[in-house]
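A.B. asks: My structure is below; once you've seen it, I'll send some questions.
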Amino acid sequence: MSTSHITRSVMKIDLVGPERRGFALGLNEAAGYGGVAVAAATSGWLAAELAPRDVLVAAGAGIALLGLVLSTVLVRDTAAHVALEQQHHPGSEEQPPTLAEAFAEASWRVPALRSCSQAGLVNNLNDALAWGLVPLFLAANGASVGEVGLVAGVYPAVWGVGQIWTGHWSDGIGRKPPIVGGMLLQAAALVVLALSEGAVGVAAAAAALLGVGTALVYPTLIAAISDAVTPLARAPAVGIYRFWRDMGYVVGGLLAGAVADALGYGGAIAVVAGLTAASGLWVAWDLPTPRRSAPDRVREAVAS
């Protein structure tokens, strides 16, 4: 699933060009997480009516077959779009970077890439907290299963729908303000949650704020990665970024569990809030602000 998700993201970036890549990525992420929500709701309903194992096997096989058919019939390779865009980057490499080169550049060598990679990791770190620790925190404070489900559902609903607008917004305002603002908003939401003492209304409001912050960050980080590299280097750079971003689930699960054992649920949420704020400040300091946007550079290259 992750490999196909990366491929879909890169292909959309290839197709739309620099002027609309934030919007395209917002649509892609919104559709992906909307599909997760629909599949979860539908499979839960079917499992309640039918045998859960049969639903799992039949639905999995059906979705895989449908995806194969649609990919074969409708999807076309975007190599020609990449080659056309690459022509507007004179003097750049004629071959994609090696895996070792891409890993070094996206992890620590290039400021724009390393700041986005660490922000992606921290974003998914607090995402793991939201899915794993927050339900336990609410249940420990007396929330019912329905109330836990309400708070858990608000977060991805706001995040998923909000990405359509936030990705488009980043095309006009630039990538840095939404990323920095989104990380700091996530940190503020986690502080509110840590101080809520499990009150469901306050927790739901914090979950909505967390969703807005994630919506600001999620598609914009991939767009920022794409802005910082040439078209031929795009796929490996996005792949390395996604490695670090998805490692956040692992780091977040381990960190939240260890800190919760030592400081309690509220303490663990507060620690992750501090890390999220620090990550946003890192982006504010390390992510360059280009004097001209990527669309402006391409338009100038075409005009010349």
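The values are calculated or read from the model by the stated rules, or taken from the named source; none is laboratory data. As the structure is a computational prediction, the values presented were derived from the model and not from experiment. Cβ: placed from backbone, ideal geometry, glycine included. Neighbour counts: every protein chain shown.
A.B. asks: Being buried (at least 24 other Cβ atoms within 10 Å of the Cβ) and at pLDDT below 95 is true for just one of ALA256, ALA301. Which residue is that?
C.D. replies: Numbers: ALA301 fails: buried (at least 24 other Cβ atoms within 10 Å of the Cβ).
Selected residue: ALA256, the only one of ALA256, ALA301 that is buried (at least 24 other Cβ atoms within 10 Å of the Cβ) and at pLDDT below 95.
A.B. asks: Condition check: closer than 22 Å to GLY266 by Cβ, in contact with a Pro (Cβ under 7 Å, 6 or more places away or on another chain) and not small (Gly, Ala, Ser). Does VAL134 satisfy that? If you could, list the steps in order and put the result at the bottom.
C.D. replies: Values: closer than 22 Å to GLY266 by Cβ: yes; in contact with a Pro (Cβ under 7 Å, 6 or more places away or on another chain): no; not small (Gly, Ala, Ser): yes.
It is false that VAL134 is closer than 22 Å to GLY266 by Cβ, in contact with a Pro (Cβ under 7 Å, 6 or more places away or on another chain) and not small (Gly, Ala, Ser).
A.B. asks: Does ALA157 satisfy the criteria of being crowded, with 19+ Cβ neighbours inside 10 Å, modelled with pLDDT under 90 and closer than 29 Å to GLY257 by Cβ? Quick ask: steps written out before the conclusion?
C.D. replies: Values: crowded, with 19+ Cβ neighbours inside 10 Å: no; modelled with pLDDT under 90: yes; closer than 29 Å to GLY257 by Cβ: yes.
It is false that ALA157 is crowded, with 19+ Cβ neighbours inside 10 Å, modelled with pLDDT under 90 and closer than 29 Å to GLY257 by Cβ.
A.B. asks: Got a sec? Which of GLY172, GLY162 is more than 22 Å from PHE103 (Cα to Cα) and surrounded by 19 or more Cβ atoms within 10 Å (Cβ to Cβ)?
C.D. replies: Numbers: GLY172 fails: surrounded by 19 or more Cβ atoms within 10 Å (Cβ to Cβ).
Going through GLY172, GLY162 in turn, just one is more than 22 Å from PHE103 (Cα to Cα) and surrounded by 19 or more Cβ atoms within 10 Å (Cβ to Cβ): GLY162.
A.B. asks: What pairs come up if the first residue lies in region 256-271 and is of a type in the set (Gly, Ala, Ser), the second is outside any helix (DSSP H, G or I), and their beta carbons are under 8 Å apart, counting only those six or more places apart or on different chains?
C.D. replies: ALA256/LEU133; GLY257/LEU133; ALA260/LEU133; GLY266/GLU197; ALA268/LEU133
A.B. asks: OK, next. Just for region 130-154: of the residues that are small (Gly, Ala, Ser) and in a helix (DSSP H, G or I), which one is surrounded by the most Cβ atoms within 10 Å (Cβ to Cβ)? Quick ask: steps written out before the conclusion?
C.D. replies: First, pick out the residues of region 130-154 that are small (Gly, Ala, Ser): 130, 132, 139-140, 142-144, 146, 149, 152-153.
This time we only want the ones that are in a helix (DSSP H, G or I), so: 130, 132, 139-140, 146, 149, 152-153.
On the way: ALA130: 27, GLY132: 15, ALA139: 15, ALA140: 12, GLY146: 8, GLY149: 13, ALA152: 18, GLY153: 15.
Applying the filter and picking the extreme gives ALA130.
A.B. asks: Testing SER9 on (1) modelled with pLDDT under 80; (2) within 19 Å of the chain's Cα centre (by Cα); (3) small (Gly, Ala, Ser), one condition comes back false. Which one is that?
C.D. replies: (1)
A.B. asks: Within region 82-105, which residues are modelled with pLDDT under 75 and not aliphatic (A, V, I, L, M)? I'd like the intermediate steps shown before the answer.
C.D. replies: Taking region 82-105 and keeping what is modelled with pLDDT under 75, we get 82-84, 87-94.
Listed by number, the residues that qualify are GLN87, HIS88, HIS89, PRO90, GLY91, SER92, GLU93, GLU94.
A.B. asks: Which of the residues spanning region 186-208 are in contact with a helix residue (DSSP H, G or I) (Cβ under 6 Å, 6 or more places away or on another chain) and surrounded by fewer than 22 Cβ atoms within 10 Å (Cβ to Cβ)? Can you show your working first?
C.D. replies: Going through region 186-208, the residues in contact with a helix residue (DSSP H, G or I) (Cβ under 6 Å, 6 or more places away or on another chain) turn out to be 186-187, 189-194, 196, 198, 200, 203-204, 206-208.
Correct list: VAL191, VAL192, ALA194, SER196, GLY198, VAL200, ALA204, ALA208.
A.B. asks: Let me ask something else about it. Return a yes/no flag: does region 230-241 have any residue that is of a type in the set (S, T, N, Q), under 26 Å from LEU287 (Cα atoms) and assigned to a helix (DSSP H, G or I).
C.D. replies: Step one: list which residues in region 230-241 are of a type in the set (S, T, N, Q), which gives 230.
In the following step, the residues that additionally are under 26 Å from LEU287 (Cα atoms) were identified as 230.
So of that shortlist, the ones also assigned to a helix (DSSP H, G or I) come out as none.
No, because not a single residue in region 230-241 is of a type in the set (S, T, N, Q), under 26 Å from LEU287 (Cα atoms) and assigned to a helix (DSSP H, G or I).
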